[in-house]
Amino acid sequence: MTEDTHLAAGLDAFDFLATMVLVVEPDGRCLFANAAFEELLGLSRRSVLGESVMGWFVDPGLFKEVLTAVARNDFATSRLQGHLRRHLHGTHGAGEPLPVQVIVTRLGPGIGQAQRLLVELVEVEQQTRQEREDRAQDQVQANKELIRNLAHEIKNPLGGIRGSAQLLEMELENKSLTEYTQVIIHEADRLQALVDRLLAPHRRPHVVGDVNIHEVCERVRSLILAEFPKGLRVQRDYDTSLPDFRGDREQLIQAVLNIAHNAAQALCDRIAAGDAVLTLRTRVARRVTINRQLHRLALVLHIEDNGPGIPPAIRDRVFYPLVSGREGGSGLGLTLAHTFVQQHQGTIECDSEPGRTVFRILIPMP
């Protein structure tokens, strides 16, 4: 067994990391690359072993200087910002540079006294996304507690108001005045329905069984087309190799339906013009970090529309309760969707611009 083979065998644990890890010599020759490197850059590790890593950087000058300095032991470790060339055709786009934070650490001499350097490549986008997820998680949790407490406080006096209005209506001699008591009763019922929706995720038991995501998508598709039979095309783009997973089928149908229904309502102008498109797309993702946990496999469901996009003023708050970009909207559909997906240890991301809005649901799979 060669020295490089010994090295690779000892570094297999790095394949379980979501960040890219390389082991290189001071001149940049690659001795090891982990699985995350292969997937994110679209390069086979077999094709890069023994090759210089300098060509992977858009501007390799500073990286070369840092490698040399760390190898000389000027620093035990050093950090820099860089951009990697990508070859992956798919979600990241071919050839689009990937901004990364580069951490170079001195490993010490190898078996043959050759200097070895450990290079970690952390996506800047990944760091930003994780920080955003953490902030959103804290905010959603605080909002859920606030809304739940508020709903309970409203619920009891609301029943008293409705009951008093009914009693008053029975005592009125002038029946023309019942118009006013009916307004009170109607508005009390409307608020009661709102409170029930706010409390729904905490009341309903989590019923777990085998779930096929495409059955969920087809159910949502049929419901959307029944409500919007003309002017809206609902496209399917399924990865049929996706296996079943354990989850609450009804909750997932409701989550996907809430997002798809919001999208369809936002497409009203395009529906009138006859060119509205809603796309349901399923994929599998490997080595995905969700809520700070690394998962070997995850389901990815995209719900995409060609509507006007989410207003910038609420784009960062679309999952907050009572936030709506549509006049007359309750602002609860996306909140409930987010809650149901969270109960599956998943998350929802949103990317929106005029002409294209994509909600991306990620759910870990065994």
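The values are calculated or read from the model by the stated rules, or taken from the named source; none is laboratory data. From a predicted model like this one, the values you see are computed outputs, not experimental measurements. Note that each Cβ is placed from the backbone with ideal geometry, even for glycine, and that neighbours are counted across all protein chains shown.
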Discussion item. Please go through the stretch 52-79 and give me each residue that is charged (D, E, K, R) and either without any contact (Cβ under 8 Å) to a residue 12 or more places away in the chain or surrounded by 15 or more Cβ atoms within 10 Å (Cβ to Cβ) (or both), ordered by number.
Written reply: 64, 65, 72, 74
Worksheet item: Is there a residue in the stretch 213-222 that is under 30 Å from residue 259 (Cα atoms), at pLDDT 90 or above and touching a Phe, Trp or Tyr at 6+ places or on another chain (Cβ under 6 Å)?
Response: yes
Practice prompt. Could you look through the stretch 88-113, keep only residues that are at pLDDT below 80 and surrounded by 13 or more Cβ atoms within 10 Å (Cβ to Cβ), and pick out the one that is farthest from residue 55 (Cα to Cα)?
Written response: 110
Discussion item. For the stretch 257-268, check the following and say yes or no: at least one residue is out of contact with any helix residue (DSSP H, G or I) (no Cβ under 8 Å at 6 or more places or on another chain), of a type outside the set (S, T, N, Q) and free of Cβ contacts under 8 Å to residues at least 40 places away in the same chain.
Written reply: yes
Response to the item:
Heads up, the helices (runs of 4 or more DSSP H) in the stretch 17-79 (entirely inside) with at least 3 residues that are of a type in the set (D, E, K, R) are none
Discussion item. I'd like to check something: does the stretch 252-268 contain any residue that is assigned to a strand (DSSP E or B) and not basic (Lys, Arg)?
Written reply: no
